[in-house]
Amino acid sequence: MSITQTLLRSRLLEALTSPHGVDRYLEVVNPMWAAREVRARIVDVRREVDVPGHPPVATITLQPTSTWQGHRAGQHVQLGVEINGARRTTRVFSVSSHEAGPGQRFTITLRANPDGVVSQHLVERAEPGTIVHLSQAEGDFTLPAHVPGHVVMISGGSGITPLMSMLRTLQRRTHRGRVTFIHYAQSPEHQIFAEELADVARTGYGVDLHLLHPELGDPALSPAWLERLVPGYRDVPTWACGPAPLIEAARAAYDDGSDALRVEYFKTPSVSNGSTEGEINFARAGTSATNSGATLLEQAEGAGLSPEFGCRMGICFSCTSRKTEGTVVNVLTGETSSLPDEDIRICVSAPEGDCTLDI
Ligand SMILES: Cc1cc2nc3c(=O)[nH]c(=O)nc-3n(C[C@H](O)[C@H](O)[C@H](O)COP(=O)(O)OP(=O)(O)OC[C@H]3O[C@@H](n4cnc5c(N)ncnc54)[C@H](O)[C@@H]3O)c2cc1C
Ligand code: FES
């Protein structure tokens, strides 16, 4: 750490600049100066996929402040933007570029969700020069330090992003092992990173590439198909990311508990194994709804409420609300909790039976 950075992060300076903190003053002078916070300047926005009538996909290159500590392949970042001067809105995006160190540029690649606030803004309206707010890179959906001799990567749609980061990283490391890379897209026109993957198919030593379009007759993910492609696949370390049905198919193919399979969801799977019968009481709003088994965030939205949210995946804690009564199941881990007066992340909590929330 340089002397300037040590000074900027000192307790004395923090106390002198209280209550706003040194970063507020630095930001005014130059938004790319920061002592603790992480920000980034957008340096490029490039369309990856643009099929008329379908949501476009773009890759955004970010130059982070020197406070960025770098990322490992497969990690994600919380990105906050101020849209039309409104309060900052935060969403989570996987890094799509290869692993990189502190302060180095990286990319995210995102699909403009037709009803989405942040993805629409970034893909359709963000321009070079725009400043965004970041967390440090997070998540343990990553490659191990010593990559096994053979790995399988399975993705669908925009779920390709963390796996592309892994593939790019392995290629830069001149990994000598074998990579079976399986990706599902709606059609060849919807293929993200199409040109680069075509190059990989031509020149990528050790990479076995399978770009599939089940809607055009290609095989869907199944144990029999995987076994033909990778004999003994259940013992081969595998990373999978994509829409919930693809992840469910992967889990089923790996017998739902195999240590070989690691998964990343972009959207919560809608599962609740317990009883969904009951009433959800939104105490502060003075309204209630019949339990549908969906997450409490979705049920609150269904009842016309607008609780705060960010990632909708249990990562950012912005949806944390107090449950005063009832049992909830975490839709990602399957853990249940019946404690009264507990703070829960409503985006990943589905109620079993009756439940009362202080929202
Ligand atoms: C770990 C992780 C990594 C990710 N990586 C990527 C990536 O690399 N690329 C990528 O494209 N995406 C990625 N995502 C998804 C991304 O975080 C966003 O969820 C996505 O871009 C949509 O955000 P948005 O702000 O555009 O949409 P939002 O405004 O969040 O809306 C999304 C959906 O939420 C629902 N919704 C929102 N508000 C309401 C309401 N008031 N009432 C009812 N329903 C509502 C709607 O169904 C809407 O379609 C990732 C997610 C996670 C968790
Ligand atoms: S919205 Fe991020 S934890 Fe719930």
Subject >> Test result for ALA86, modelled with pLDDT under 95, within 16 Å of ligand 1 (Cβ to nearest atom) and surrounded by fewer than 20 Cβ atoms within 10 Å (Cβ to Cβ) >> reply: yes
Original post:
Just wondering, is there one or more residues in the range 255-278 that are over 21 Å from TYR184 (Cα atoms), among the hydroxyl-bearing types (Ser, Thr, Tyr) and within 13 Å of ligand 2 (Cβ to nearest atom)?
Top reply: no
**OP:** Of all residues in the range 89-116, count the ones that are exposed (fewer than 13 other Cβ atoms within 10 Å of the Cβ) and either β-branched (Val, Ile, Thr) or farther than 20 Å from MET32 by Cβ (or both).
**Re:** 2
**OP:** Return yes or no: is PHE266 within 16 Å of ligand 1 (Cβ to nearest atom) and surrounded by fewer than 20 Cβ atoms within 10 Å (Cβ to Cβ)?
**Re:** no
**OP:** Kindly indicate whether any position in the range 159-173 is surrounded by fewer than 17 Cβ atoms within 10 Å (Cβ to Cβ), at pLDDT below 95 and in the same structural domain as ALA240 (by TED's automatic domain parsing).
**Re:** yes
Original post:
If a residue has to be farther than 14 Å from VAL151 by Cβ and among the aliphatic types (A, V, I, L, M) to count, how many in the range 227-249 make the cut?
Top reply: 4
Original post:
Which ones in the range 59-70 are buried (at least 23 other Cβ atoms within 10 Å of the Cβ) and in contact with a helix residue (DSSP H, G or I) (Cβ under 8 Å, 6 or more places away or on another chain)?
Top reply: ILE60
Original post:
On the given criteria, is LEU221 surrounded by 16 or more Cβ atoms within 10 Å (Cβ to Cβ) and in contact with a strand residue (DSSP E or B) (Cβ under 9 Å, 6 or more places away or on another chain)?
Top reply: yes
Subject >> Residue check for CYS319: touching a helix residue (DSSP H, G or I) at 6+ places or on another chain (Cβ under 9 Å), within 26 Å of GLN78 (Cβ to Cβ) and within 16 Å of ligand 2 (Cβ to nearest atom) >> reply: yes
**OP:** Among the strands (runs of 3 or more DSSP E) lying completely within the range 166-264, list those that include at least 1 residues that are acidic (Asp, Glu) and over 30 Å from VAL331 (Cα atoms).
**Re:** 207-212
**OP:** With the condition kept exactly as written, say whether any residue in the range 39-47 is surrounded by fewer than 20 Cβ atoms within 10 Å (Cβ to Cβ), outside the structural domain of GLN186 (by TED's automatic domain parsing) and part of a loop (DSSP other than H, G, I, E, B).
**Re:** no
**OP:** Under 8 Å between Cβ atoms, at least 6 apart or on separate chains: pull out the pairs that start in the range 298-311 with a residue that is within 26 Å of GLU82 (Cβ to Cβ) and end on any residue that is among the acidic types (Asp, Glu) and outside any loop (DSSP other than H, G, I, E, B).
**Re:** PRO307/GLU301
**OP:** Tell me the strands (runs of 3 or more DSSP E) entirely within the range 270-331 that contain at least 2 residues that are within 11 Å of ligand 1 (Cβ to nearest atom), outside the structural domain of ARG345 (by TED's automatic domain parsing) and at pLDDT 95 or above.
**Re:** none
Original post:
Does the range 185-195 contain at least one residue that is out of contact with any Asp or Glu (no Cβ under 8 Å at 6 or more places or on another chain) and among the hydroxyl-bearing types (Ser, Thr, Tyr)?
Top reply: no
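The values are calculated or read from the model by the stated rules, or taken from the named source; none is laboratory data. Computed from a predicted structure; not experimentally measured. Please note: Cβ atoms are built from the backbone with ideal geometry, for glycine as well, and neighbour counts cover all protein chains shown.
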